[in-house]
Amino acid sequence: MIPSLTEDCGQCAALCCLALAFDKGEDFAIDKPAGTPCPHLAQHACSIHARLEDEGFPGCIRYSCTGAGQRVVQEIFDGQSWQDDPALTRPMIDVFRGMREVQERLAQLSAARALSLDEADRAECDRLITGLLPDHIDRAAVENFPGSAQQDEIDRFVKSLRRYVFKG
């Protein structure tokens with residue numbers, strides 16, 4: 001079964017508010033380097049969440065980790081938080097980076113399954129999904145997923161599906 005591809009902030013540890021960089025502009029009212037907690041973060045919640053648009057943070061409203069945050073916190077770090085154990089800060093950021101890519105590929109492959117794929121492509125799609133959903137999530141595998149052969153294989157497959165979308 002594919003895990004949720006929708007964020008559940010209540011099951012996360014505000015990883016996006018920590019791991020991601022903000023560039024001051026139309027989406028964010030401030031510059032914030034990656035790895036630095038957002039100044040509006042209060043424990044695991046946004047202190048200005050109800051006023052994000054008014055405060056100049058529409059990028060936060062539009063952002064979705066596609067469920068990566070809760071998977072990192074709940075499945076890999078067993079509910080632990082970098083806020084409770086600062087030694088987890090760098091490891092959680094690194095795994096979040098990888099899990100965002102895993103979840104993005106799961107979203108792409110899930111969307112591909114909605115296409116009228118031939119039998120061989122449907123089987124390949126299912127095989128690639130299964131490869132992203134091992135019985136036990138290996139932290140190092142998730143952390144090293146970006147740029148891996150597995151990611152490249154999925155990207156090539158997804159690109160090959162253009163023929164189903166752009167039929168001439």
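Within segment 35-78, how many residues turn out to be in a loop (DSSP other than H, G, I, E, B), under 15 Å from the mean Cα position of the chain (by Cα) and not polar (S, T, N, Q)?
The total comes to 3.
If a residue has to be exposed (fewer than 14 other Cβ atoms within 10 Å of the Cβ), touching a residue at least 12 places away in the same chain (Cβ under 8 Å) and among the polar types (S, T, N, Q) to count, how many in segment 115-145 make the cut?
Residues meeting the conditions: 1.
Limited to segment 21-30, what total is found for residues that are among the aliphatic types (A, V, I, L, M) and either in contact with a strand residue (DSSP E or B) (Cβ under 8 Å, 6 or more places away or on another chain) or exposed (fewer than 12 other Cβ atoms within 10 Å of the Cβ) (or both)?
Total satisfying the criteria: 2.
When Thr6 is evaluated against the numbered criteria (1) surrounded by 15 or more Cβ atoms within 10 Å (Cβ to Cβ); (2) under 26 Å from Ile129 (Cβ atoms), which criterion, by number, is the only one it fails?
Failed condition: (1).
Would you please list the contacts, defined by Cβ atoms under 9 Å and residues six or more apart or on different chains, that run from a residue in segment 146-168 that is within 16 Å of Ala114 (Cβ to Cβ) and modelled with pLDDT of 95 or more to a residue that is among the hydrophobic types (A, V, I, L, M, F, W, C) and not in a helix (DSSP H, G or I)?
Every condition considered, the pairs that remain are Leu161/Leu115; Leu161/Leu117.
Considering each residue of segment 12-29, count those that are outside any loop (DSSP other than H, G, I, E, B) and within 21 Å of Arg105 (Cβ to Cβ), and give that number.
The qualifying residues number 3.
For segment 69-114: of the residues being within 24 Å of Leu161 (Cβ to Cβ) and acidic (Asp, Glu), which is surrounded by the most Cβ atoms within 10 Å (Cβ to Cβ)?
Within segment 69-114, the match that is surrounded by the most Cβ atoms within 10 Å (Cβ to Cβ) is Glu101.
The values are calculated or read from the model by the stated rules, or taken from the named source; none is laboratory data. All values derive from a computational prediction rather than experimental measurement. In this analysis, Cβ positions are derived from the backbone assuming ideal geometry, glycine residues included, and neighbour counts consider all displayed protein chains.
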